[in-house]
Every structure is written in structure tokens, then in C-alpha cells.
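The values are calculated or read from the model by the stated rules, or taken from the named source; none is laboratory data. In this text the structure is predicted, and so the values were computed from the model without any measurement. Please note: Cβ atoms are built from the backbone with ideal geometry, for glycine as well, and neighbour counts cover all protein chains shown. Surface accessibility is based on the protein's heavy atoms, side chains included, excluding ligands, DNA and RNA. Shrake-Rupley method; radii C 1.70, N 1.55, O 1.52, S 1.80 Å.
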Amino acid sequence: MNRIVAKAEYSREPAVKMMQIEAPKIAAKAKGGQFIVLRCSEQGERIPLTIADTDPEKGLVTLVFQEVGKSTAMLGQLEVGDEILDFIGPLGKPTHMDDYGTVLCVAGGIGIAPVHNIAKELKKHGNKVIMVMGARTKDLLFWEDKMRAVSDELYITTDDGSYGRHGLVTAVEQELLEKDRDQGDINLVIGIGPPIMMKFVAKTSEPFGVKTFVSLNPIMVDATGMCGACRVTVGGKTRFVCVDGPEFDGHQVDFDELMTRQRIYPEQEKASLELFRQKQQGCDCGCGCDNGGLS
Ligand SMILES: Cc1cc2nc3c(=O)[nH]c(=O)nc-3n(C[C@H](O)[C@H](O)[C@H](O)COP(=O)(O)OP(=O)(O)OC[C@H]3O[C@@H](n4cnc5c(N)ncnc54)[C@H](O)[C@@H]3O)c2cc1C
Ligand code: FES
């Protein structure tokens, strides 16, 4: 069992929370770009979440997650001192580390968390990291200090202009790539955020011919490469994000298919969340069960 040792709420609407969890073996092994799969209860769904930070000395793993449905809502209700039933990882292939020179990281919304861990490692490998982080509005931005600590340059955008520069992260990406066109210092772009944002990060870098990694987040079931739920098309070939990814060449990904497949079960997901909320109102312990035990 893995104990929660710290928790914070970064925003309410939508609810975005941070948890630090005791998981010494994972903290010792995890590399940038990898994820864990957790389960809160015996009957619970498995949720993949990216490792946002680690503290190998204290044996801690940091996650940042948005409550979008039943399982993330259940996770969000756990408190410091509670234990997570299953906590498996590190999973997925780590970000390929190299001496790239300069790397342009573009992080959107909840994608700020995974980009942090990758940027931290890129810096350790001696790379210059230029960071662009953005969100819809100021209240949804988090980790400005942590991102500054792992970046040589930091640019912040908000869609509504409430903080930093008014506009989308891709506008800054475009400008930086144009500025760099002659020098050619930027040898890699890493874009992580909502699929639509990653699609446009990749489209923006394509004309400049700069290699671009994106981290895909399809629905996962077993996370072992056996069930096929997380299949995506990359360069015309079927790939499984849980074992072949989560990172892929952004210029090769079929983002439209990814977004369509993410929306396969909206009715079932809505019904499951509704049921969870209804049960919760009748349960003493606040976990959403009928009778005081986890369901
Ligand atoms: C490798 C990987 C890493 C991830 N890392 C993070 C992370 O660090 N932080 C974080 O907040 N989320 C992350 N996700 C997404 C997270 O796993 C889902 O939000 C979660 O599983 C949804 O479960 P649920 O039961 O709460 O919602 P559900 O009831 O299953 O779904 C509710 C809504 O969320 C959408 N949804 C479901 N699964 C996903 C998904 N995988 N990606 C995007 N939308 C989804 C559904 O279409 C639906 O609209 C990651 C996903 C993958 C595959
Ligand atoms: S989640 Fe089953 S194959 Fe990837």
C-alpha cells in the first residue's frame, strides 16, 4: 500500500489536485515521461497518471490530476494518511534523453505536470530548456516557480489574457521557432497538454523541420499492451500507448482518431459519475459506497 503524504488543491473548477505518495521503488527508478497506474479500491478502475516529480531520497512520487470522472473524483477524496490500494510503475518508455542543445518545451493545462519532470531531466543532461506554459486562465496555472527552476527561459500565456501573455502557447512557439530559424539552436520540441493543443504544437513545428515529441493519453484499460484499448495510429501504423509510448513523433500521430476514440464512452462515464455522486450522498464515510465500505 502506498501512503499519501501531501495533498494540495490547485483549482476548483475544474478540480485539479496534487498528491505526493510514498513509493520508494518507483521514485528510485522513474524517468521523465513515464507514468503509473493506480487503483483506489478493489472494484475500482485503473487510472494512468504521469509522474510529475520524484524525490528518490524520500521515496516520494508526485502526481497532478484533474477530476474528470468517477475514478479521479474518488482519488481526489483521499486525504493525507490514506493509502492507495494499487500503485504500479514506472510504466511506459521514458523520454529519450540526449544532448539536444536547446529544447523547446510547450506545456498546456494539466500537461504542465508531466513536462516538469522531463525538463528537470533535460537540464541534468546539460540541455538548454526554453519553456512555454499556458492555461485558459490565471487560476488554472500552477508550478510557475517549479517550472522556472527547470528552465533557462520561461514564457507564460493565458487564453483570456488574465496573466502572462494573452493568447495560445502555439503563438509563442511560432515566434521562438521563427527567431531560431537561422541559428537552428532548437533541435527538439516537446508538447504536452490536451490532444488538440498537441496537434497544433506539432503542426506549428512541422514547417520548421524540428523533431517534436508529444505524450498521448488515450483511454487505457490493462496498461500491459494486451487489451488494445490504447491503440493509436502513428505514421500509418497501429501502436499501443501503454507499451510503445506514451511519447511519439507528433508529426506522425493521427490526432483526429485519438480525439474520436477518447470520446467513445461519454454516456457510460456520465452515468458512472452520477451514480457515484448519488451513492456518496447516502454513504457515511464519504467514499461513495452504499454501506460504509469502499465500492
Ligand atoms: C499515459 C497517461 C497519462 C496521464 N496522465 C495524466 C495526468 O498526469 N493528469 C491527469 O489529470 N490525467 C492524466 N491522464 C488522463 C487520466 O488517466 C484520465 O483523466 C482518467 O483515467 C479518467 O478517469 P475517470 O474515471 O475519472 O473519468 P472517466 O469517467 O473515465 O472519463 C471522464 C471524462 O474524461 C475523459 N477521459 C477519460 N480518460 C481519458 C484520458 N486518458 N485522457 C483524456 N481524457 C480522458 C473521458 O472522455 C470523459 O470525457 C493520463 C492518461 C494517460 C493515458
Ligand atoms: S491499455 Fe491495453 S493495450 Fe494499452
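Just to be sure before I move on: is Gly184 touching a residue at least 12 places away in the same chain (Cβ under 8 Å) and exposed (fewer than 13 other Cβ atoms within 10 Å of the Cβ) in the structure I sent? No; evaluated as a whole, the condition is false for this residue. The single condition among (1) open to solvent by 40 Å² or more (accessible area, probe 1.4 Å); (2) touching a residue at least 12 places away in the same chain (Cβ under 8 Å); (3) over 18 Å from the mean Cα position of the chain (by Cα) that Thr102 does not satisfy is (1).
Table: residues versus (1) closer than 30 Å to Leu275 by Cα; (2) modelled with pLDDT under 95; (3) of a type in the set (D, E, K, R).
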| site | (1), (2), (3) |
| --- | --- |
| Met18 | yes, no, no |
| Phe35 | yes, no, no |
| Ser41 | yes, yes, no |
| Gly44 | yes, yes, no |
| Thr62 | yes, no, no |
| Gly69 | yes, yes, no |
| Thr72 | yes, yes, no |
| Asp99 | no, yes, yes |
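Does the stretch 20-27 contain at least one residue that is of a type outside the set (D, E, K, R) and either modelled with pLDDT under 95 or under 16 Å from Ala119 (Cα atoms) (or both)? No, the stretch 20-27 has no match at all.
For Asp98, indicate whether it is among the acidic types (Asp, Glu) and within 16 Å of ligand 2 (Cβ to nearest atom). Spelling it out, it is not the case that Asp98 is among the acidic types (Asp, Glu) and within 16 Å of ligand 2 (Cβ to nearest atom). Residue pairs whose Cβ atoms lie under 6 Å apart, sitting 6 or more positions apart in sequence or on different chains, and linking a residue in the stretch 133-149 that is open to solvent by less than 70 Å² (accessible area, probe 1.4 Å) to a partner that is of a type in the set (Phe, Trp, Tyr), are Phe142/Tyr10.
Within the stretch 198-227, the set of residues being of a type in the set (A, V, I, L, M, F, W, C) and more than 16 Å from ligand 2 (Cβ to nearest atom) comprises Met198, Phe200, Val201, Ala202, Phe208, Val210, Phe213, Val214. Residues in the stretch 1-18 that are in a strand (DSSP E or B), open to solvent by 50 Å² or more (accessible area, probe 1.4 Å) and without any contact (Cβ under 8 Å) to a residue 24 or more places away in the chain: Glu9 alone.
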